[in-house]
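See below for the structure under consideration.
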Amino acid sequence: MSDAFIFFLIQLLNGVQYGLLLFLIASGLTLVFGIMGIINLAHGSFYMLGAYLAFWFAEATGSLGLAILIAVPIAILLGLALEVVVFRPLYGRDHLYQVLLTYGLILVMEETRSLIFGDDVHGVKVPSFLDFSVPLAGGLSYPTYRLAMSAICLALAGGMYFVIQRTRLGMIIRAGAANREMVQSLGIDVGLLFRVVFAVGVALAAFAGMIAAPAASVYPGMGNQVLIISFVVVVIGGIGSVKGAFLASLLVGLADTFGQVLAPQIAGMTVYVLMAAVLLWRPTGLFGHGT
Amino acid sequence: MKIETGITTSRRRVLKGMAAGAGTIVAASVVPTRFAIGQQAKLKLGLMLPYSGTYAALGKNIDDALRLAINEKGGKLGGREVDYVTLDDESDPAKSADNANRLVTRDKVDFLIGTVSSGVQMGIDKVATDNDVMLIIPNAGVSAATRELCAPNIFRTSFSNWQPAYAMGVVAAAQGKKRAAVISWDYAAGKESNDAFSEAFAKGSGKTEQQLYLPFPQVEFQPLLTQIAAAKPELVYAFFAGGGAVKFVKDYAAAGLKASIPLVGPGFLTDGTLEAQGDAAQGMETTLHYADGLDNAKDKAFRAAFKKATTRDADVYAVQGYDSGQLLLAGLAAVKGDVGARKDLIAAMAKTEIDSPRGKFSLSKAHNPVQDIYLRRVQGLENRFVSVAVKALADPATGCKMA
């Protein structure tokens, strides 16, 4: 194989790997957005929360795995509490109320973060059994942790696919995304469904932050960076479709990677050009339901 | 607690007779009684800095150190009490002009102090120029501020992007390197820095063969690291700061490139980030106008005072904030707090030799520091002083009509 081809393959790997991480972040957003109709601008803040929790507990316990085990239930509880206390009163209201509320949540969480952790950049140690690199061509090696992240994202995607396509809960979730009133009139407790979905959405975002923490480091405002790209993924994939989010994540990851490599001058645009193209072709996204 | 610069002293003598004393009396203790009429209004400093987001820690250090400098001299500027008006610029260039305008027109500040981000700086510069408001830049290195956009009312106590970058080019060429790659975010500061490095590197017969940019503030570096591995340069010069710097340095090491291709950059690549960067940054060489382990009494005193005041360790941003305070002190002492005496104020500020923790420096005709740039090496959690990379380096000030 020629060198150029090998580096092309490596870039392909880069794109897929980035895409999988995006899926991890965007999957929770698409669930909450699609089923509950909540435009959750604070999704990135939950991502940040996860990263800081991982940093905190990893420092305290010395183990990232243990930190995740402690932090995920905390994220779920926080999601449940937020749903009950602040989101529920707003279901009947206009989208603008939710935008305002979730924007407020961003500010609250940023300030809380600043009070508790300060404004410094922190690193989280990669677990020692993953702290090495796999040599590739040309002196380049691939950090094992990144490969492990991809594996986790794939496993999670598989798990979500199973739950959503093969279980009763998944059936209700799909039905809820497609037609909420119908689900309600069939006697399903939509309130409970919302609570579960929202908590899972928060937990997914936080989990993404925890997994990404060693590779991305932990810093103020880290959530806002992933928020926009997550919305792009959700819109391309079709609102509420986890399958769509998966495909869209990979598309965005690849478009971004090859945009940087092939057209660096317009690399900032490639993802948005992709979004525009998809929306022209399919206005509701790849797997979106018409409204 | 004395006004320390000789220039200021003579200035004062010329301006306001001998009654004020020969400049050795603490200005703050004398002036209020003597200038009770018409000078009682507080002097307003508009601090437009990032108090949130990626650069929040930098803004905080600048703010605290500036106040420290003023508080060390009795908390007053030219005898006037100081009113600090702070405004979070959010490092958002889109809001920059509006924010600066608010400070100027609504709060009517006497001085604008700001900011960290070069993108935001352009907006502040424009407002300062349009309204002819005094401006001190405590960090942003955007070269234009003391080049084509230079103005009598605009001062900088930090650096121009050109300075540390050029010095690193000199160092790299002296090390005998011939082929370099440069990488940064696709924004003004990054391009200026990379170009200045390439300029000095080319003078030493090196060649920058690869210029890599990614959209700001994206931190997915893997595709560009792959590009670097494919091109195999002898050296990589990178301009990143804050969270981006942490991630880039870690990713660079994790990609296995650190062992074969040295990664260098301006000091921001490893400043305030070492704890998070961990082993990935050890041994890296960077250039900046400040370093750990400078053998200088002023620096030791400053670090102790800053630690005492804030419980945090001082860094280059704190030094720049402190020197902004020192520049204010010197200028306003010369005119005894009368900001209306604009010409004298500007002349006094421009002539001040600042006794900075980084070492003494003066200002160029374009109002940018003429300063030593140090080569530093990462050792543990410090950027240890190695040598003076370039002595008394002045920005070329291309296009500045004052220079």
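The values are calculated or read from the model by the stated rules, or taken from the named source; none is laboratory data. These figures come from a predicted structure and were not determined experimentally. Quick reminder, even Gly has a Cβ in these numbers, built from the backbone with ideal geometry, and neighbours come from all protein chains shown.
Some observations on this one:
- Scan of region B:263-293 for residues that are over 20 Å from the mean Cα position of the chain (by Cα) and either within 14 Å of another protein chain (Cβ to nearest Cβ) or assigned to a helix (DSSP H, G or I) (or both), ordered by number: B:Leu263, B:Glu275, B:Ala276, B:Gln277, B:Gly278, B:Asp279, B:Ala280, B:Ala281, B:Gln282
- Filtered residue count, region A:176-230, keeping only those that are in a helix (DSSP H, G or I), under 30 Å from A:Tyr142 (Cβ atoms) and among the polar types (S, T, N, Q): 3
- Meets criteria (over 19 Å from A:Met149 (Cα atoms), modelled with pLDDT of 90 or more and surrounded by fewer than 18 Cβ atoms within 10 Å (Cβ to Cβ)) for A:Val273: yes
- Flag if B:Phe248 is away from chain A (no Cβ under 11 Å), closer than 20 Å to B:Gly53 by Cβ and either without any contact (Cβ under 8 Å) to a residue 12 or more places away in the chain or part of a helix (DSSP H, G or I) (or both): no
- With respect to the stated conditions, A:Leu250 is touching a residue at least 60 places away in the same chain (Cβ under 8 Å) and part of a helix (DSSP H, G or I).
- Among the candidates A:Gln225, A:Gln184, residue that is away from chain B (no Cβ under 14 Å) and of a type in the set (S, T, N, Q): A:Gln184
- Every residue from region A:117-148 that is in contact (Cβ under 8 Å) with a residue 24 or more places away in the chain and away from every other protein chain (no Cβ under 12 Å): A:Pro127
Matching residues to (1) more than 15 Å from the chain's Cα centre (by Cα); (2) in the same structural domain as B:Lys298 (by TED's automatic domain parsing):
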residue: B:Ala334; (1), (2): yes, yes
residue: B:Gly340; (1), (2): yes, yes
residue: B:Leu375; (1), (2): yes, no
residue: B:Phe385; (1), (2): yes, no
residue: B:Leu393; (1), (2): no, no
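- Residues being facing another protein chain (nearest Cβ under 10 Å), at pLDDT 90 or above and under 24 Å from the mean Cα position of the chain (by Cα) are entirely absent from region B:215-237.
- Region A:253-275, subset part of a helix (DSSP H, G or I) and away from chain B (no Cβ under 11 Å), residue farthest from the chain's Cα centre (by Cα): A:Val273
Residue by residue, here is whether (1) within 26 Å of the chain's Cα centre (by Cα); (2) farther than 28 Å from B:Asn61 by Cβ; (3) surrounded by fewer than 24 Cβ atoms within 10 Å (Cβ to Cβ) holds:
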site	(1), (2), (3)
B:Phe159	yes, no, no
B:Pro164	yes, no, no
B:Ala180	no, yes, no
B:Lys191	yes, no, yes
B:Phe197	yes, no, no
B:Phe201	yes, yes, no
B:Gly204	no, yes, yes
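- Scanning region B:265-297 for residues that are in contact with a strand residue (DSSP E or B) (Cβ under 7 Å, 6 or more places away or on another chain) and free of Cβ contacts under 8 Å to residues at least 60 places away in the same chain yields B:Leu269, B:Ala276.
- When A:Val232, A:Val218 are checked against the criterion of being in contact with a strand residue (DSSP E or B) (Cβ under 8 Å, 6 or more places away or on another chain), surrounded by 17 or more Cβ atoms within 10 Å (Cβ to Cβ), β-branched (Val, Ile, Thr) and at pLDDT 85 or above, a single residue qualifies: A:Val218.
- Selection count where residues are among the charged types (D, E, K, R), closer than 30 Å to B:Cys400 by Cβ and part of a strand (DSSP E or B), scope region B:363-382: 2
- Checklist (1) surrounded by 20 or more Cβ atoms within 10 Å (Cβ to Cβ); (2) assigned to a strand (DSSP E or B); (3) aromatic (Phe, Trp, Tyr) applied to B:Phe385, failing item: (1)
- In summary, helices (runs of 4 or more DSSP H) completely within region A:1-120 and bearing 2 or more residues that are under 16 Å from the mean Cα position of the chain (by Cα) and surrounded by 15 or more Cβ atoms within 10 Å (Cβ to Cβ) occur at A:3-36, A:43-61, A:64-82.
- Residue identified as without any contact (Cβ under 8 Å) to a residue 60 or more places away in the chain, charged (D, E, K, R) and not in a strand (DSSP E or B) among B:Lys360, B:Lys336, B:Lys307: B:Lys307
- The condition of being in contact (Cβ under 8 Å) with a residue 24 or more places away in the chain, among the hydrophobic types (A, V, I, L, M, F, W, C), under 19 Å from B:Asp107 (Cβ atoms) and buried (at least 24 other Cβ atoms within 10 Å of the Cβ) holds for only one of B:Leu66, B:Leu58, that being B:Leu66.
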